[in-house]
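The values are calculated or read from the model by the stated rules, or taken from the named source; none is laboratory data. This one's a predicted model, so the numbers in the text were calculated from it and none came from an experiment. Every residue, glycine among them, receives a Cβ derived from its backbone with ideal geometry; neighbour counts consider all protein chains shown. All accessible areas refer to the heavy atoms of the entire protein, side chains included, with ligands and DNA or RNA removed. Shrake-Rupley method; radii C 1.70, N 1.55, O 1.52, S 1.80 Å.
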Amino acid sequence: MLYEVDEKSGVLRSVKSSWIPRELDLEKYLITRQDDGPPILSEAVFGEPLLLLSNQVRTSTKKRADIFAMDRAGNGVVIELKRDQGQLGVETQALQYLADFSAYSGKNFIKKFGQKDMLSEDVILGFVGDNAEVEDLNRSSRVILMARSFDSTLFSMGEWLSSKGISFRCITYSPVEIEGKKLLSFSVVFDRANEAIYPISFASTAREPGYYWHNIASADQDWWRFLVDNQQIPACFEDSPGDQGEKILTRYIPGDTIVAYAKGFGAVGWGVVTDPAKYRLIAIGDKGDRLDGTCRHRLQVRWKATAKTLSEGLSPETVRQQFGVYHPVSTSVSIDAEKCRDLIRRMNEKFKV
């Protein structure tokens, strides 16, 4: 809810808006794309990246689910949108869809929901990284409901469902129109997932260093040389404090191994996150602002082996065929440690380290 401050009375007054987006429009607003890549639901809204598999998908009973997506663990996610209030009963509809879609797993899941032009097996596995194998896809499913508000009795049902092993999340949205500008805000109001959307964490280093693809954003030779010379990896998004670009870079810990990916060229280098991990948001106009104000989130890495030119990179097809590693679908994707070490040895040879 958005409030206006009445400075004379010192009272907060809720802002009323006549603009209420249609469900189909809301679906459209939730989808983001990197370049011309596959559709991913906004991580800023859902607190996690979700790969869009289908919207308005038909079930076996000919009903239409609003959105069916997949999370990083390879699980199916049914997302139901309501224009107004979410009331008791809407979860039953979502559970019917869940029961229908959960019948598909592994190869059958890809066959059912994969689209030849966009959502191939390569794309799906490039999204989950080493979090799931083909045979593990959609071994469990969950529900996310989105509405302007929720009847509290629905949360009681959510508690019961979570006790039965069904992850359940509710997100509210608030549409506001101010001086001709249409605004939307989102908030997680109920989360009973197997892994909470915002888990308690007392230290960012409470894990062992891992191996990750990292997309360098722009497959441009001058840009790549700048990143190598300045020992950096970038992230984009809104280029503002606290956005997803900052969150992605600050999730890395010292010792994480980064494999740089350039679209169309594949693996172009590898390095290690510095100790301590050094992140900053470059100011517009700074000498490091090389992409006209975009991709200004930066993290320091120690490059170990890099291609002099992007054309020297190990192509996505080579990386997949020789190492069983699929190209990343989003900015940062985990890689199996053993496979990544094999890939690094090949890069060391090719880039003459």
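Taking a virtual spin label 7 Å from the Cα of Ser102 along the C-beta vector, which residues in the stretch 120-152 bring their backbone nitrogen under 11 Å of it? From the stretch 120-152, the list is 139-143. Counting heavy atoms of the protein chains alone, Thr274 has an accessible area of about 20 Å² for a 1.4 Å probe.
For Ile166, what charge total do you get from the other residues with a beta carbon under 9 Å from its beta carbon, if Lys and Arg give +1 and Asp and Glu give -1?
+3
Values (i) 30, 56, 14, 0; (ii) 27, 54, 18, 1; (iii) 30, 60, 10 are given for comparison; P(r) over Cα pairs in 20 Å bins from 0, in percent, derived from the coordinates here, is the one labelled (ii). Gain on full extension, evaluated as 0.36 nm per residue between Gln321 and Thr274 minus their Cα-Cα distance, stands at 13.8 nm. Here Arg72 sits with roughly 50 square angstrom of accessible surface, probe radius 1.4 Å. Each DSSP beta bridge with both residues in the chain is either parallel or antiparallel, and the antiparallel ones are about 75%. Per-residue surface analysis assigns Arg192 an accessible area of about 90 Å², computed on protein heavy atoms at 1.4 Å probe radius.
Here the calculated FRET efficiency for Ile178 and Lys247, from their Cβ-Cβ distance with R0 = 35 Å, stands at 0.80, rounded to the nearest 0.05. In a simple Cβ point-charge model (Lys, Arg +1; Asp, Glu -1; nothing else charged), the chain has a dipole of about 380 debye relative to its Cα centre.
Taken over the Cα atoms of the stretch 192-326, the convex hull encloses 135 Å³ per residue.
For Val353 and Gln221, calculate 0.36 nm times their separation in residues minus their Cα-Cα distance, and state this gained length in nm to one decimal.
Numbers: separation 132, 0.36 × 132 = 47.52 nm, distance 2.02 nm.
Length gained between Val353 and Gln221: 45.5 nm.
Normalised by the number of residues in the chain, the average gap of Cα pairs under 8 Å and 6 or more apart makes the relative contact order 14 percent. The residues neighbouring Gly293, those whose beta-carbon lies less than 13 Å from its own, together hold a net charge of -3 under the Lys/Arg +1, Asp/Glu -1 convention. Extension gain, Lys8 to Lys339, is 112.7 nm, computed as 0.36 nm per intervening residue step minus the present C-alpha separation. Legend note: in the chain, cysteines whose Cβ sits 4.7 Å or more from every other cysteine Cβ are Cys170, Cys340.
Give me the net charge for the shell around Ser156: Cβ to Cβ below 13 angstrom, other residues only, Lys and Arg +1, Asp and Glu -1.
On the way: positive: Arg192; negative: Glu91, Asp151, Glu159.
Taking every other residue near Ser156 into account, the sum is -2.
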